[in-house]
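**Q** Encoded as structure tokens, here's the structure I'll be asking about.
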Amino acid sequence: SRQTRGWVRSPKGPIPKGVQAALRVRLEKHARTNWKGRCREVAVRFRGAYAYVDAFPADPPHPPGTPPRDAIPTRLCRLGYLGTEDLWEYAFFKYSDEKYEPSVVPSGSFQATPEEAFDCSAGVNLQD
């Protein structure tokens with residue numbers, strides 16, 4: 001409903017280590033299952049109440065003679081920890097100004113599961 005918008009809840013940090021580990025495993029599994037052929041690796045960084053999700057494209061552009069593993073990851077999104085492993089505040093990474101912008105997922109919410117957030121961002125930034 002319009003009364004329960006996502007911006008009412010604020011992210012809380014630091015994110016517990018167990019939640020960090022679970023998030024990494026969850027996103028890696030999701031990428032392997034749903035983004036095979038387009039994403040070869042997920043990288044997650046943590047700072048305070050936020051998890052920053054990046055992905056390495058399956059066939060990243062790289063200079064001749066440079067191994068693909070040295071390629072720069074594609075930034076996808078920022079997840080704000082709301083106290084649960086299942087629902088996070090979602091912010092999309094905009095390359096136009098290199099900032100994270102609070103965004104909605106297809107359900108119309110500013111809160112998302114890690115998988116919803118990954119799919120929304122990867123659908124734009126991990127094009128074939």
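The values are calculated or read from the model by the stated rules, or taken from the named source; none is laboratory data. Remember, it's a predicted structure, so these values are computed and weren't measured experimentally. Glycine gets a Cβ as well: all are built from the backbone with ideal geometry, and neighbour counts include every protein chain shown. Remember, those area values only see protein heavy atoms, side chains included, never the ligands or the DNA or RNA. Shrake-Rupley method; radii C 1.70, N 1.55, O 1.52, S 1.80 Å.
**Q** Leaving out ligands, DNA and RNA but keeping every protein chain, what accessible area does K99 have, in Å² rounded to the nearest 10, with a 1.4 Å probe?
**A** 120 Å²
**Q** Could you give the dipole magnitude of the range 74-128 about its Cα centre, charging the beta-carbon of Lys and Arg +1 and that of Asp and Glu -1, in debye to the nearest 20?
**A** On the way: 4 positive and 10 negative charges, 45 e Å.
Computed about the Cα centre, the dipole is about 220 debye.
**Q** Under 20 Å between alpha carbons, and skipping anything fewer than 8 positions from K29 in its own chain: which lysines qualify?
**A** K17
**Q** Under the 0.36 nm per residue contour assumption, what length would be gained going from the current alpha-carbon distance of R47 and T84 to full extension? Before the final figure, lay out each step's value.
**A** Values: separation 37, 0.36 × 37 = 13.32 nm, distance 1.66 nm.
Working it through step by step, the gained length comes to 11.7 nm.
**Q** What does the extension gain come out to for N34 and S107, with contour length at 0.36 nm per residue minus their alpha carbon separation?
**A** That pair, N34 and S107, stretches by 24.4 nm at full extension.
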